[in-house]
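The values are calculated or read from the model by the stated rules, or taken from the named source; none is laboratory data. Note that the structure is a prediction, hence the values are computed from the model and not measured. Virtual Cβ from ideal backbone geometry, glycine too; neighbours counted across all protein chains shown.
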Amino acid sequence: MSWIDIGPIEAIPLRGARRVRTPHGCVAVFRTDALEVFAASAVCPHRGGPLDEGIVHGTRVTCPLHNWVFDLATGQAVDEDARIDTFPARIEAGRVLIDLTRLADRAA
């Protein structure tokens, strides 16, 4: 794995998200609890809605355009046959780290 430091945990709002631009595409990093983060696709597969602007509830996010709900741990849509990509994320010494190996491999 190739971990990338994207900044302090405080830079991501509680029960919110931050969009991270990478050379291989955008990723949304969600903060669901004081010390819990998830990284996933920043775009809803339904109509391209900005998931980083969605409503975070528990370990799920609701797309702001058409209310599709995704599980942030698995990427699976709750009531639809759809999925978003997820990426490993962790907190280390108050910093958020994400691994974008899968995103880079897909772009290659």
From Cys63, Cys44, grab the single residue that is of a type outside the set (S, T, N, Q), in contact (Cβ under 8 Å) with a residue 40 or more places away in the chain and in contact with a Phe, Trp or Tyr (Cβ under 8 Å, 6 or more places away or on another chain). Cys44
Just a yes or no: is a residue in the range 47-61 at pLDDT 95 or above, in contact with an Asp or Glu (Cβ under 9 Å, 6 or more places away or on another chain) and closer than 15 Å to Arg19 by Cα? yes
Could you list, in sequence order, the residues of the range 16-46 that are in contact with an Asp or Glu (Cβ under 8 Å, 6 or more places away or on another chain), surrounded by fewer than 18 Cβ atoms within 10 Å (Cβ to Cβ) and among the basic types (Lys, Arg)? Arg19
Given the structure, is Ile55 β-branched (Val, Ile, Thr) and either over 14 Å from the mean Cα position of the chain (by Cα) or farther than 16 Å from Phe70 by Cα (or both)? no
